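Trainee: The structure follows.
The values are calculated or read from the model by the stated rules, or taken from the named source; none is laboratory data. The model shown is predicted, which means the values in this text are computed figures rather than measured ones. As a convention, Cβ positions derive from the backbone with ideal geometry for all residues, glycine included, and neighbour counts pool all protein chains shown.
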Amino acid sequence: MDPVLLIILIVVAVLVVGGAGFAFLRGRTDHTPTIDPSATDRADSVLTKSKPDTIPDLTDPESVSVDVDEPLVEAEPEPEPEPAPATFRERLGKARSAMSGYLGSVISRGDVNAETWDELEEALIRADVGVSATTDILETVRATADEQGVKDGAALIELVKDEMKVRLGGQDIDLAEGGDPSVWLFVGVNGVGKTTTIGKIATREVANGRKLVLAAGDTFRAAAAEQLTMWAERAGADVVRGAEGGDPSSVIFDAVESAAANGAEIVLADTAGRLHTKTNLMNELSKVRRVAEKGAGTVTETLLVIDATTGQNGLIQAREFTEAADLTGVVLTKLDGSAKGGIVVAVQNELGIPVKLVGLGEGKHDLIPFNADEFVDALFE
């Protein structure tokens, strides 16, 4: 072989082998982990902090401490508080505005004269207090004003407030018991809120530890039974339903028997809405009450549910239902709406039936016991 060619081949071989070796060594160097000086410093710091100054004597309880700052188990979140019940002052804004408008000229008037009394009478009637109740109230107020020498319009309004508080107060608004179980019947025309009222009362009573049965006595409206069942499930109460279009008396009777057998204290009985002008339907309501007491139960409450926005028509309803069902009390719903408020006075003044509960909103806690003083103050101030 040519010596020159041999030398060239040897040089090429040396270069190839040398380059491969250099690449291998470079690869090993690139994969070798590097040490971050700051990481070493942090490790030293952790070791220094975690190292105790002294070794505790495990035989001495006082020398051993346990760090309890960090809980081992994450605490359960606190339940959200129940919303506060509605108040008359908060929810009677519309009625208060209406009353203020009616009484504006009386309050602004200086001396009390014949025109003052006429304006006061008109204001109370327009506020749905009713003619009869207004006449009775003003007769008493006039005598008191003459006796006390009241000559100022604002002072006269205070006398009206005091008289209304007297007439509305002093009533027993507790829902009566005494049966085994007690039966509370709810009656009224269509659309006044009977089923919703029952649901709200059930929620309150179950929360107070009572055992209830809800009776879906409105068998003519399928949605009523479904709605009552929904409320029963929410409240944790039992419900008894019947066939659509069936006899409402039998449904309520079955509910009473079920309550007696299972130790329930109260039966809340829904009934179909009915016009107070329909004699046959009102007679059926009388039958419902009689049948409800044939078994173990006793009807201790028959509550008429009235939509407060219907005004004096609600008073007409109350008269007719009282004759058919021996009413023991009234539930006024939608008092926070466009109701003028005076219907409360009219019902209690003319029929002697106490308003026991009032609805001040849509929430389950917005059905509250009636309070005469709070109601009158919220209506006038």
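Trainee: Kindly evaluate G352 against the criterion of being among the small types (G, A, S), closer than 26 Å to R289 by Cα and crowded, with 20+ Cβ neighbours inside 10 Å.
Mentor: No, not satisfied.
Trainee: Mind listing just one residue for me: the one in the stretch 259-273 that is surrounded by fewer than 18 Cβ atoms within 10 Å (Cβ to Cβ) and of a type outside the set (D, E) and, of those, nearest to S286 (Cα to Cα)? First the steps, then the outcome.
Mentor: We begin by selecting, within the stretch 259-273, every residue surrounded by fewer than 18 Cβ atoms within 10 Å (Cβ to Cβ); these are 260-263, 265.
Imposing the further condition that a residue be of a type outside the set (D, E) reduces the set to 260-263.
Working: A260: 22, A261: 25, N262: 27, G263: 27 Å.
This residue is A260.
Trainee: I'd like to know if the stretch 198-211 contains one or more residues that are buried (at least 21 other Cβ atoms within 10 Å of the Cβ) and under 25 Å from G352 (Cα atoms).
Mentor: Checking the stretch 198-211: at least one residue is buried (at least 21 other Cβ atoms within 10 Å of the Cβ) and under 25 Å from G352 (Cα atoms).
Trainee: Please verify whether G337 is of a type in the set (G, A, S), over 30 Å from E244 (Cβ atoms) and in contact (Cβ under 8 Å) with a residue 40 or more places away in the chain, treating the condition exactly as stated. Give the derivation first.
Mentor: Values: of a type in the set (G, A, S): yes; over 30 Å from E244 (Cβ atoms): yes; in contact (Cβ under 8 Å) with a residue 40 or more places away in the chain: yes.
So G337 passes the test.
Trainee: Considering only residues that are surrounded by 14 or more Cβ atoms within 10 Å (Cβ to Cβ) and more than 21 Å from S108 (Cβ to Cβ), look in the stretch 138-158 and name the one that is nearest to the chain's Cα centre (by Cα).
Mentor: T140
Trainee: For G337, all conditions in the list (1) at pLDDT 90 or above; (2) farther than 21 Å from L185 by Cβ hold save one; what is the number of the exception?
Mentor: Every condition holds for G337 apart from (1).
Trainee: Additional query: Of everything in the stretch 200-246, what is in contact with a Lys or Arg (Cβ under 7 Å, 6 or more places away or on another chain), of a type outside the set (S, T, N, Q) and under 13 Å from L268 (Cβ atoms)? Give them in sequence order.
Mentor: K200, A216
Trainee: Let me ask another. Consider the stretch 214-238. How many of its residues are in contact with a helix residue (DSSP H, G or I) (Cβ under 6 Å, 6 or more places away or on another chain) and outside any loop (DSSP other than H, G, I, E, B)?
Mentor: Number satisfying all stated conditions: 7.
Trainee: Hey, among D326, D377, D366, D373, which residue is at positive phi and surrounded by fewer than 22 Cβ atoms within 10 Å (Cβ to Cβ)? Steps first, answer last, please.
Mentor: Numbers: D377 fails: at positive phi; D366 fails: at positive phi; D373 fails: at positive phi.
Just a single option satisfies the conditions, and that option is D326.
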